[in-house]
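Take a look at the structure below.
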Amino acid sequence: MCGIAGAIGPIAPNLVAAVAAASARQRHRGPDDAGEWQSGPVGTRGALFGFRRLAILDLSALGHQPMVDTDTGNAIAFNGEIYNFAELRTELQGRGVVFRSGTDTEVILRGYAHWGRDTIARLRGMFALAIWDARRHRVLVARDRLGIKPLYWTRVAPPGGPPAVAFASELRSLLATGLVERRLQPSALASYLWHGYVAGDASLVDAVQQLPPGHLAEVDPAAPDVVPIRYWQPPRAAPVADGAEQLAAELRTAVRQHLISDVPLGVFLSGGIDSSAVAAMAAEAVGGAAVRTFNVSFDEADFDESSHARAVATALGTQHQEVRVSAAYFRQHLDTALSAIDQPTFDGINTWFVSRATREHGVTVALAGTGGDELFGGYRSFRDVPRSARLARLCRWLPHGLLRTAAAGWVRAMVGRSGAVPPQTRWGKLGDVLCGGGDLLAAYQAAYALFTERFHRELQATPATGLRHGLPEALAERWREATAHQPELHAVGLLELHSFLGERLLRDTDWASMAVSLEVRVPLLDHRVVEAAALVPPNQRFHPLGRKQLLRTLALQRLDPNLFERPKRGFVLPIEAWSRQQLRSEVAATLNDAELCRSLGLAPDAVARLWQAWSSNAPGLYWSRVWTLFVLLRWCREQRVAA
């Protein structure tokens, strides 16, 4: 797990300096080692790679990157972990390949000499990488299938020089090059206001994009550009009779492979089904006493699940550690956490605090249960979104204006006076749901929107165009095609994998954990597990909704079922409770900064009304709505980004 940076195009002193600056900006991602490499002397066209190392496998100097294959002249900069590298290594040794190190990096590099870009499809893991092909004079860039590891890129044109493509593991690293204009992308801003994060390939900064998950690209230094080529996509439902058995085998293989490490490793254990399943399979693979589990506890009883985690750890026989995060600890480190955000998001702060606390206890690698809800129907969306879509289809014959009026009247009747800002909850968005056209994507997007469509427009001084249900047109079409003609629950699961997971959870987990030099692994999102889940008949995979019974059956059969018979609770910090007093003045000053709002294309009056309504305890306004704008404004001010 590391940080990579680079440039493809003319090798010039200013581009060399830019890559060095981008790499240095990522020191937190790899404090153990650093390296730089270039394909040729200044004045030639080729590639520049920069690297920061967090040593996980083969801690010796043989794991140094960028790594060069002396037989071919190929070079690699690689961020991530390949969990089937031992099998690939054995296969290559059968072809006569001799290895110098015990790293997965060398396996990729040597594999590329034999299989070319088909190597990417052979990798089982999380990765973002760049490979210089010395013979073809090309750079292959690729990103893992689910988007666990990020790869940002941009076109740069150094003053007086020809264009090039620059890339890095973090958006802020590209900003650090000095070659990227710090201009806000209007459609990305609108997407952020809809979701609390930017959805799609664009970033909040106009010139910077992401390579999409499951894509690769071959870049020619003579005419540098990134044209993504898809090599994988989440599977469509293909139920078979023994699907559950195949899934069980892949789950155990994934967890066993994810335990490979040459540094201290632990498992995040909340006591819920997903993290408990990972911990149970890890204990089964290596013995409970060999597994270290970590739980974050709070003084606030409504948020504390330490007793549940303790009970599971006791049943599994793990070495269990409770890490206390208090309100004082939160306030002490909050500024550092906020400054660690790579791209604005209303989430992720909780992961940063958990990661920091765990890292302080000597762990470098942590396994998490991320993905269980998406694969096995744990969210309310699996019940609510299909219902909303069906209801909207029944109401399509009503004129939209009449429908909106009726919905608005119902909301007012429910809450009495709506005030300056009407409710922004699911029931406050009822009119948007019913007027969404009745398709699953529209219902899903309405359910997850932070604001009603009307207030979403009010927040923007000039509402952006080119969005459909809060998504870029091309992305909305891509997701609609992916879910078309699929069983309803599998389609919702695909949307969760694409959107909530791929665009938010994984992105936030990466920056938040790597900010404190912690590698987080997510075995439930091994692509072979995701593919195997699609083989399970939907009625067996998802029902009864919300219980994740299949995951319980496959991974938790040795534990008392009563350990998990309690209402579902997502992992959140008591940020609202901690912040109402401690952060109130700072949030108020930020949201009431009219000049700052205008510089980003926000409507100061609407932002101020939102803050006032929330401060007055208006009904139907959650803290996340205010926090979303606070993080955006603070980040843009800190990064000097403006419209």
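FYI, it's all coordinate maths here, none of it is from the lab. None of the values given here were measured: they were computed from a predicted structure. Cβ: placed from backbone, ideal geometry, glycine included. Neighbour counts: every protein chain shown.
May I ask you to sort F330, F630 by Cβ crowding, counting other Cβ atoms within 10 Å and putting the fewest first?
Working: F330 20, F630 23.
With the sparsest Cβ surroundings first, the list reads F330, F630.
Going highest first, how would you order 489-496, 470-477 by mean Cβ packing within 10 Å? Provide the component values of the computation, followed by the final result.
Values: 489-496: 24.4, 470-477: 18.4.
So the order, starting with the most tightly packed, is 489-496, 470-477.
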Query raised in the report: Going by average Cβ neighbours within 10 Å, how do the peptides 313-326, 223-236 rank, with the highest at the top?
Result: 313-326, 223-236
Requested in this report: Would you mind getting me the FRET efficiency between A643 and R136? Use the beta-carbon distance for r and R0 = 45 Å, nearest 0.05.
Outcome: 0.65
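Evaluate E = 1/(1 + (r/R0)^6) for Q582 and E477, where r is the Cβ-Cβ distance and R0 equals 56 Å; express this FRET efficiency to the nearest 0.05. Can you show the working numbers first?
Details: r = 44 Å, r/R0 = 0.79.
Between Q582 and E477 the formula returns 0.80.
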Report task. Subtracting the Cα-Cα distance from 0.36 nm times the residue separation, let me have the gained length for D299 to E322 in nm, one decimal. Result -> 7.0 nm
Requested in this report: Specify which residue in the list Q549, P567, V607 is farthest towards the positive end of the charge dipole of region 542-611, using unit charges on the beta carbon of Lys, Arg (+1) and Asp, Glu (-1), about the Cα centre.
Outcome: Q549
Query raised in the report: Name the residues of region 365-390 whose amide N is less than 20 Å from a point 7 angstrom out from the Cα of R454 along the C-beta direction?
Result: none
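What ranking do F78, F303 get, fewest neighbouring Cβ atoms within 10 angstrom at the top?
Working: F78 27, F303 17.
Least to most surrounded, the residues fall as F303, F78.
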**Report entry** Ranked by how many other beta carbons lie within 10 Å on average, peptides 173-181, 358-366, 50-58 from highest
**Finding:** 50-58, 173-181, 358-366
Query - ³J(HN,Hα), Karplus 6.51/-1.76/1.60, whole Hz, each residue of region 199-213, x for Gly, Pro - result: 9, x, 7, 6, 10, 5, 8, 3, 8, 9, 10, 10, 5, x, x
**Report entry** In nm, spacing of pseudo-spin labels at A589 and T44 (7 Å Cα→C-beta vector)
**Finding:** 5.4
Query raised in the report: Residue farthest toward the positive end of the dipole of the chain, with Cβ of Lys/Arg at +1 and Asp/Glu at -1: which of T364, T351, V263?
Result: T351
Query raised in the report: Dipole size in debye (nearest 20) for region 2-230 around its Cα centre, Lys and Arg Cβ +1, Asp and Glu Cβ -1?
Result: 200
Query raised in the report: Summing Lys, Arg as +1 and Asp, Glu as -1, what charge do residues with Cβ under 15 Å from the Cβ of L535 carry, L535 excluded?
Result: -2
Query raised in the report: Residues with beta-carbon under 12 Å from that of D69, excluding D69: net charge, scoring Lys, Arg +1 and Asp, Glu -1?
Result: 0
Report summary line: For R143, other-chain or 5+-apart residues with amide H closer than 5 Å (H placed, Pro excluded) are G214, H215
**Report entry** Selection from H215, L375, A289 lying farthest towards where the dipole of the chain points positive, charges on Cβ
**Finding:** L375
**Report entry** Nitroxide proxy distance, nm - points 7 Å out along Cα→Cβ at Y329 and W115
**Finding:** 4.2
Query raised in the report: In sequence order, what are the phi-derived ³J(HN,Hα) couplings for region 623-640 according to the Karplus relation 6.51 cos²θ - 1.76 cosθ + 1.60 with θ = phi - 60°, rounded to whole Hz, with x for glycine and proline?
Result: 4, 4, 5, 6, 4, 4, 6, 4, 4, 4, 5, 5, 5, 5, 5, 5, 8, 6
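Residues with beta-carbon under 14 Å from that of A608, excluding A608: net charge, scoring Lys, Arg +1 and Asp, Glu -1? Don't skip to the answer; put the middle values down first.
Values: positive: R598, R609, R625; negative: E458, D593, E595, D605.
Once all neighbours under 14 Å are counted, the net charge is -1.
Per 0.36 nm of contour for each residue apart, how much would the distance between R393 and A157 grow if the chain were fully extended, relative to their Cα-Cα spacing? Working shown, then result.
Working: separation 236, 0.36 × 236 = 84.96 nm, distance 4.99 nm.
That works out to 80.0 nm of additional length.
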Requested in this report: Name the residues whose placed amide hydrogens come within less than 5 Å of the amide hydrogen of R324, ignoring near sequence neighbours (fewer than 5 apart) on the same chain.
Outcome: S297
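Tell me, W352, W635 in order of fewest to most beta-carbon neighbours within 10 Å?
On the way: W352 25, W635 19.
If I rank by nearby Cβ atoms, fewest first, I get W635, W352.
What does the extension gain come out to for E360 and A86, with contour length at 0.36 nm per residue minus their alpha carbon separation? Don't jump to the answer; show the numbers that get you there.
Numbers: separation 274, 0.36 × 274 = 98.64 nm, distance 3.05 nm.
Gain in length upon complete extension: 95.6 nm.
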Report summary line: The relative contact order of region 448-557, taking Cα pairs under 8 Å that sit 6 or more residues apart, comes to a percentage of 13
Query raised in the report: V520's amide H: which non-local residues (gap 5+, or another chain) put their own amide H closer than 5 Å, with H modeled 1.01 Å from N in plane and none for Pro or chain starts?
Result: A366
**Report entry** Cβ charges +1 (Lys, Arg) and -1 (Asp, Glu), total dipole of the chain, debye
**Finding:** 1180
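For the chain, what does the helix formula give at 222 nm: sum of -39500 (n - 2.57) over DSSP H segments with n ≥ 4, over the residue count, nearest 500 deg cm²/dmol?
On the way: 28 runs with 272 residues, N = 643.
Value at 222 nm, helices only, nearest 500: -12500 deg cm²/dmol.
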Report summary line: Calc'd 3J(HN,Hα), region 323-340, phi into Karplus 6.51 cos²θ - 1.76 cosθ + 1.60 (θ = phi - 60°), Hz, glycine/Pro = x, comes to 10, 8, 10, 9, 4, 5, 5, 4, 5, 4, 10, 4, 4, 5, 4, 5, 6, 7
